[in-house]
Amino acid sequence: MTDQVCVTAENLGHRFPGTDWLFSDLNFSLNPGEVICVTGPSGSGKSTLLSLLAGWEKPTSGAVHRTGVERVQWVFQNPYGVPHRSVADHVGFPLLQQGLSRLDADTKARDLLARFGLGATADREFSALSGGEAQRLMLARALAVSPDLLLVDEPTAQLDRVMAASVAKTLTHLAQEDVIVVIASHDTDVVSQASYLIDLGVTHAEVGSE
Amino acid sequence: MRFSTIIDEAQRNVVSGTTRMGVGFLVVSALLAVLALADLLTIAGIQNTTERYVASGSATRGLVAAHSVDATACDALASIDTIQSSGAMVSSTALRFSAAPAVSVQTFAASPGFSAVLDITDPVPGGVWMEANLAATLHARVGDIMPTQLGVIQVGGIFAWPQDGRDQRLSFAIVIPRLPSEAFDECWITAWPINDANDILLRSTQLAMSSPGEIGQINTRLGTNYDAYAEFSMRLTRFTPLGALVVGLSVGYALSRLRRLEYASALHAGQTRSAQLLTCAFEALTWSAPSALLLIVIIWAVTAAFSIGETNAVLGIVGRVPLIGAAASILGAMIGCAQVRERNFFRMFKNR
């Protein structure tokens, strides 16, 4: 039931041993259809907050409650792929895990690639992609998993303005497909598309509507 | 994930070079080859030592009992599995060849089985057996007819009797085959492996037990108690299967760890652990199995080419190295793969 999917942060705080608090007392609730942007300078804990939401790290204080979240996908700032496998293979792989045939997975993978402007690169090796293309490929691959929660770290850092705006719009559309999209970014285009903002750049993190 | 898809994915990884199949094949093959050849050479060394020991007469023992050895019983000992050859002999009248009348050649009479003790193959019936140095001196060859002071004789066989510590009575001597119709002085047996029971068998050929004959080794220079089995079972390279296990596990594990980001990414993309382990095992199989096959062929070829014992027996011993190495490679790859956690994905990216 999609209306049950929800991620809630309750008095969330985190610090690494021997360091100051990155953030503390964060309270927010994330629902399907929302795009949440996490901003702040380098080292302010954006990626750490994403890892707490993914459940890959335990918070120092408070808690993250994930209700109905079965599939979490993370798109990292530095795209990772298997150098000599094709672009279509990268997107088709999660679909094969879902039981699709090779033919069906390939067809669907090419549709997803086209959505990110990568239709012409489908048969290229991953190693032949530019940084921006690889970043978009990772978004397409993440979508192939049909995630409930999509965590995206600096998705537009390696893209030109036009492509960055396009990706930001795509991420917004994704949210409309009942996906919770959390983006760590400085990009004003991304920030402007967000449902609301979590700013880790202030002394005490603030959560507010954009 | 369907089984056919798992195999298909593994094949694509192999074909694309993602699995580093070539590296795995070369490294594992090279290391296992060193281990296998080390064991093979050690076994060949033991085999050579054994052959030299037997050929030198060190594995030949003789019962000396004047005029009281049953030559028929002595010849019959060769039918026992552990006894390679047996035969009786007795001193005879010295011969003088017309070509060298001043030289008196020591002569023995021997039962037919004695030709095998002297390692003469296909002796000419009715001919005498001549020691190789004597034959060279007289320019005699097998089949030659040679006049002596007792009449002509035919050379029925030539045997080597080097001066390497063995009983020198047969050096520069003639042995004349004689039917075992009367008592002989000595019974010799060549037996391998050496067994204390052989002496009991030797004594059984003595006709009169009033004065027990003496038993001795024909050549003692290489020792009286060489134990090839102990040398084989205590050889240092007996641990090579263990080495193969370590090599296989290490190489398989290392190649898997090089791909840990890929494995973590695959888990993140929804691949199940079982599907991943199966893919990993199949990928490792594609380089470890050809490696094992190649090494087994090499071991077989080397064993056959250099006649290192029985090919099948040696292959059964040394062949364990590539087989264990291949199986361990697959296991090592699976262990390396199983250690990857999806949650490590984040940490790996932070540390990249």
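The values are calculated or read from the model by the stated rules, or taken from the named source; none is laboratory data. For clarity, every value in this text was computed on a predicted model and none was experimentally measured. Positions of Cβ are backbone-derived with ideal geometry, glycine not excepted, and every protein chain shown enters the neighbour counts. Accessible surface areas use protein heavy atoms only, side chains included; no ligands, DNA or RNA. Shrake-Rupley method; radii C 1.70, N 1.55, O 1.52, S 1.80 Å.
Numbers for the structure displayed
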| item | result |
| --- | --- |
| Failed criterion for B:L32 (all others in (1) within 14 Å of another protein chain (Cβ to nearest Cβ); (2) modelled with pLDDT of 95 or more hold) | (1) |
| Residue within the stretch A:132-148 that is more than 14 Å from chain B (Cβ to nearest Cβ), over 19 Å from the mean Cα position of the chain (by Cα) and surrounded by fewer than 24 Cβ atoms within 10 Å (Cβ to Cβ) present | no |
| Qualifying residue in the stretch B:146-153 (condition: open to solvent by 40 Å² or more (accessible area, probe 1.4 Å) and closer than 26 Å to B:Q84 by Cα) | no |
| Some residue of the stretch B:217-230 being among the small types (G, A, S), within 14 Å of chain A (Cβ to nearest Cβ) and either under 22 Å from the mean Cα position of the chain (by Cα) or more than 26 Å from B:A73 (Cβ to Cβ) (or both) | no |
| Candidates B:I324, B:I296 - the one that is open to solvent by 10 Å² or more (accessible area, probe 1.4 Å), touching a Pro at 6+ places or on another chain (Cβ under 9 Å) and within 17 Å of B:V27 (Cβ to Cβ) | B:I324 |
| Meets criteria (buried (at least 22 other Cβ atoms within 10 Å of the Cβ) and assigned to a helix (DSSP H, G or I)) for A:L113 | yes |
| Flag if B:T190 is modelled with pLDDT of 95 or more and over 30 Å from B:A99 (Cβ atoms) | yes |
| Index of the failed condition, A:S86 passing every other in (1) of a type in the set (S, T, N, Q); (2) open to solvent by 60 Å² or more (accessible area, probe 1.4 Å); (3) at the interface with chain B (Cβ under 10 Å from one of its Cβ atoms) | (2) |
| Residue within the stretch B:70-86 that is part of a loop (DSSP other than H, G, I, E, B), in contact (Cβ under 8 Å) with a residue 60 or more places away in the chain and not hydroxyl-bearing (S, T, Y) present | yes |
| Selection from the stretch A:183-196 of residues that are surrounded by 16 or more Cβ atoms within 10 Å (Cβ to Cβ) and under 21 Å from A:E10 (Cβ atoms) | A:A184, A:S195 |
| Qualifying residues in the stretch B:58-82 (those that are among the β-branched types (V, I, T) and surrounded by 21 or more Cβ atoms within 10 Å (Cβ to Cβ)) - the one farthest from B:N219 (Cα to Cα) | B:V69 |
| Residues within the stretch A:104-153 that are out of contact with any helix residue (DSSP H, G or I) (no Cβ under 8 Å at 6 or more places or on another chain) and on the phi > 0 side of the Ramachandran plot, tallied | 1 |
| Those residues of the stretch A:61-83 which are among the hydroxyl-bearing types (S, T, Y) and either facing another protein chain (nearest Cβ under 8 Å) or on the phi > 0 side of the Ramachandran plot (or both), in sequence order | A:Y80 |
| Within the stretch B:85-94, considering residues that are of a type in the set (A, V, I, L, M) and open to solvent by 10 Å² or more (accessible area, probe 1.4 Å), the one modelled with the highest pLDDT | B:V90 |
| Single residue of the stretch B:175-202 satisfying the filter (open to solvent by 50 Å² or more (accessible area, probe 1.4 Å) and farther than 21 Å from B:S115 by Cα) that is farthest from the chain's Cα centre (by Cα) | B:I200 |
| Identity of the residue in the stretch B:247-285, more than 10 Å from chain A (Cβ to nearest Cβ) and of a type in the set (G, A, S), that ends up surrounded by the fewest Cβ atoms within 10 Å (Cβ to Cβ) | B:S274 |
| Candidates B:T5, B:T19, B:T42, filtered to the one that is closer than 30 Å to B:L331 by Cα, part of a helix (DSSP H, G or I), within 14 Å of another protein chain (Cβ to nearest Cβ) and hydroxyl-bearing (S, T, Y) | B:T5 |
| Flag for B:A333 being under 37 Å from the mean Cα position of the chain (by Cα), away from chain A (no Cβ under 14 Å) and touching a residue at least 60 places away in the same chain (Cβ under 8 Å) | yes |
| Of all residues in the stretch B:210-246 being in contact with a Lys or Arg (Cβ under 8 Å, 6 or more places away or on another chain) and under 17 Å from B:D70 (Cβ atoms), the one that is surrounded by the most Cβ atoms within 10 Å (Cβ to Cβ) | B:G213 |
